[in-house]
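Just so you know, all these numbers are worked out from the coordinates, no wet-lab data involved. Given the structure is predicted, the values throughout are model-derived calculations rather than measurements.
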C-alpha cells in the first residue's frame, strides 16, 4: 500500500497474523526530498510491535511514543541510515511508532513490515 500524500490521521486496515492476538502490516511510503512521514500503532502498556523497515536511500528516523499524558517518549533514533529493525515494547498506553525524514536529495521509497499486539495503525504525517 502506498500511503504517500494521504490525509493526516488516516487509519490503515490491519490484517490478523496467524495468531489471532497479533496484527501484521506491510506499508510502503514514498518520500520526496525534505519530506517526512510518521506512522504509529496503538499499544497498551507492556505490549509490543516487532518491525523491520528498509529504504532505497538514506533517511533519518526516530522511534518514539506519546499519549494524552506523555508528549514524547524516545525509543531509538538514527541519521543517514537505510534500514532498522527491532521491537518497541510500550512503556505506557498510547501510540508508539516511527518518524522518517528524507534528506537524501532524491525521492526515497521506504517499506516497513510490522507485527505485534497493536490494535490500530495511523498515519500522522
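The relative contact order of segment 10-123, computed from alpha carbon pairs under 8 Å that lie at least 6 residues apart in sequence, is 46 percent.
Length available on full extension from residue 60 to residue 73: 0.36 nm per residue minus the Cα-Cα distance, which gives 2.9 nm.
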